[in-house]
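**Q** Have a look at the structure that comes next, please.
The values are calculated or read from the model by the stated rules, or taken from the named source; none is laboratory data. As the structure is a prediction and not an experimental result, all values here were calculated from the model. Neighbour counts run over all protein chains shown; Cβ positions are idealised from the backbone, glycine included.
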Ligand code: BGC
């Protein structure tokens, strides 16, 4: 790793060193959401795990902030749960609104910058019942929710993210059918894609009336490379890149103040048999190819959009905690190298602050700096030391 980066590892003033979570995965009690209903159907989640309690962050959020402080982090990316804010169509829950305000105030008091996602895969049940994002009315509903968030917390939140990984949502929910609503349909996939683009664009314009804070989107962007360097494979790589993220970035580009990149995997593409991996690469507990040089590749490929970049998620499922410390170190080295080479990267959020409900994998995949009982793993200390070493503010 270092042989490719002999330069000094350096970060600009005010660089964000944080970690990320999402509401449904850590809070528990998201009973009015489509995901909870899906979990209760049974048969969809490993071990039939449910998010009912999860890490209980709804009650233990102060302990989560403690973890951030103990590890020197100066930023936290988390999400607000739409199904809790608006459990019935048009009826906002004041208790839930006050709850998130307390978290935001506590983060401010501790000088931790907040990056808040409005939608991280889950939707209120009432919206799911009328077709979710296949229903055009969802544009109006999402914008109204986004407006509410901007009005309530416009001055408190430091960075807003409207949507998390829209293309992953379409892939899992409408193509692979491993997530709700599990409806295999290219037509619906296209409809949801169009609708989500409009949700973002409309919400952005409305939110801007109530907040001056930056608003962006988050895309899951893989590092693609041809398995054998030939024309067919290179064409397949370009297609994969297009459908992975370009397809969504282009139509929202005028309406984002930054681009959030979630980087997890490298894919070696072979046109006839896509997504093969090279066994020489490290694989995480999921079997995903872990290659942190891919982080550099992804940043450099997305510099062209001319927007500030935040690494909004980068994590490794590693129950043994054997690889996580080195993984984070390599992430920071590759980011520093990309900055040296002209990229405008302003923050890094490790996924995740703590183990949580990992969607269809239930509690089997452990991404956390801490376990679900908030015991920090040794790699958390590695991250804390790196932050101390690299922070200039
Ligand atoms: C998602 C997270 C998820 C992580 C690991 C990302 O694509 O945003 O919610 O837990 O991947 O699978």
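**Q** Kindly evaluate residue 367 against the criterion of being buried (at least 22 other Cβ atoms within 10 Å of the Cβ), free of Cβ contacts under 8 Å to residues at least 60 places away in the same chain and within 12 Å of the ligand (Cβ to nearest atom).
**A** Numbers: buried (at least 22 other Cβ atoms within 10 Å of the Cβ): yes; free of Cβ contacts under 8 Å to residues at least 60 places away in the same chain: yes; within 12 Å of the ligand (Cβ to nearest atom): yes.
Against the criterion (buried (at least 22 other Cβ atoms within 10 Å of the Cβ), free of Cβ contacts under 8 Å to residues at least 60 places away in the same chain and within 12 Å of the ligand (Cβ to nearest atom)), residue 367 qualifies.
**Q** Check the stretch 217-232 and report whether any residue there is more than 16 Å from the ligand (Cβ to nearest atom) and under 23 Å from residue 164 (Cβ atoms). Even if it seems obvious, please write down each step before you answer.
**A** We begin by selecting, within the stretch 217-232, every residue more than 16 Å from the ligand (Cβ to nearest atom); these are 224-232.
Filter once more, so that each one left must be under 23 Å from residue 164 (Cβ atoms): 224.
Yes, because at least one residue in the stretch 217-232 is more than 16 Å from the ligand (Cβ to nearest atom) and under 23 Å from residue 164 (Cβ atoms).
**Q** I would also like to ask the following. Any idea how many residues of the stretch 5-43 are within 16 Å of the ligand (Cβ to nearest atom), part of a helix (DSSP H, G or I) and farther than 17 Å from residue 172 by Cα? Spell out the reasoning first.
**A** Start the filter on the stretch 5-43 by keeping residues that are within 16 Å of the ligand (Cβ to nearest atom), which leaves 18-28, 30, 33-36, 38-39.
Still in the list and also part of a helix (DSSP H, G or I): 23-26, 34-36, 38-39.
Imposing the further condition that a residue be farther than 17 Å from residue 172 by Cα reduces the set to 23, 26.
Counting residues in the stretch 5-43 that are within 16 Å of the ligand (Cβ to nearest atom), part of a helix (DSSP H, G or I) and farther than 17 Å from residue 172 by Cα gives 2.
To keep it simple, each residue is scored yes or no on (1) within 19 Å of the chain's Cα centre (by Cα); (2) within 20 Å of residue 307 (Cα to Cα); (3) in contact (Cβ under 8 Å) with a residue 24 or more places away in the chain.
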{"position": "202", "(1), (2), (3)": "no, yes, yes"}
{"position": "206", "(1), (2), (3)": "no, no, yes"}
{"position": "215", "(1), (2), (3)": "yes, yes, yes"}
{"position": "220", "(1), (2), (3)": "yes, yes, yes"}
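**Q** Using the structure shown, decide if residue 352 is in contact (Cβ under 8 Å) with a residue 24 or more places away in the chain and more than 30 Å from residue 37 (Cα to Cα). Spell out the reasoning first.
**A** Working: in contact (Cβ under 8 Å) with a residue 24 or more places away in the chain: yes; more than 30 Å from residue 37 (Cα to Cα): no.
Here the answer is no, as residue 352 does not meet what is asked.
**Q** Continuing with the same structure: Looking at (1) in contact with a helix residue (DSSP H, G or I) (Cβ under 7 Å, 6 or more places away or on another chain); (2) away from the ligand (no atom under 15 Å from the Cβ); (3) over 30 Å from residue 40 (Cα atoms), which is the only condition residue 374 fails?
**A** (3)
**Q** Additional query: In the stretch 176-187, is there at least one residue being closer than 26 Å to residue 268 by Cβ and in contact (Cβ under 8 Å) with a residue 24 or more places away in the chain?
**A** yes
**Q** Out of the stretch 331-353, which residues are more than 12 Å from the ligand (Cβ to nearest atom), under 21 Å from the mean Cα position of the chain (by Cα) and not in a helix (DSSP H, G or I)?
**A** Selection gives 343, 344, 345, 346, 347, 348.
**Q** If we scan the stretch 289-303, do we find a residue that is within 16 Å of the ligand (Cβ to nearest atom), assigned to a strand (DSSP E or B) and under 19 Å from the mean Cα position of the chain (by Cα)?
**A** Yes; the residues of the stretch 289-303 include at least one that is within 16 Å of the ligand (Cβ to nearest atom), assigned to a strand (DSSP E or B) and under 19 Å from the mean Cα position of the chain (by Cα).
**Q** Still on this model: Enumerate the pairs (first residue in the stretch 18-34 and on the phi > 0 side of the Ramachandran plot; second residue anywhere and within 13 Å of the ligand (Cβ to nearest atom)) with beta-carbon separation below 9 Å, excluding pairs fewer than 6 apart on the same chain, so at least 6 apart or on different chains.
**A** Cβ pairs passing all conditions: 28/51; 28/54; 28/55; 28/357; 29/51; 29/54.
**Q** Looking at 126, 119, which one is touching a strand residue (DSSP E or B) at 6+ places or on another chain (Cβ under 9 Å), over 17 Å from residue 213 (Cα atoms) and within 16 Å of the ligand (Cβ to nearest atom)? Give the steps one after another, and end with the answer.
**A** Numbers: 126 fails: within 16 Å of the ligand (Cβ to nearest atom).
Going through 126, 119 in turn, the sole match is 119.
**Q** Got at least one residue in the stretch 170-190 being within 19 Å of the chain's Cα centre (by Cα), away from the ligand (no atom under 16 Å from the Cβ), modelled with pLDDT of 95 or more and over 26 Å from residue 288 (Cβ atoms)? If you could, list the steps in order and put the result at the bottom.
**A** Going through the stretch 170-190, the residues within 19 Å of the chain's Cα centre (by Cα) turn out to be 170-173, 178-180.
Subsequent filtering for residues that are away from the ligand (no atom under 16 Å from the Cβ) retains none.
No: the stretch 170-190 contains no residue that is within 19 Å of the chain's Cα centre (by Cα), away from the ligand (no atom under 16 Å from the Cβ), modelled with pLDDT of 95 or more and over 26 Å from residue 288 (Cβ atoms).
**Q** Let me ask you something else. Can you go through 358, 313 and tell me which one is within 14 Å of the ligand (Cβ to nearest atom) and touching a strand residue (DSSP E or B) at 6+ places or on another chain (Cβ under 9 Å)?
**A** Working: 358 fails: touching a strand residue (DSSP E or B) at 6+ places or on another chain (Cβ under 9 Å).
Result: 313 is the single residue among 358, 313 that is within 14 Å of the ligand (Cβ to nearest atom) and touching a strand residue (DSSP E or B) at 6+ places or on another chain (Cβ under 9 Å).
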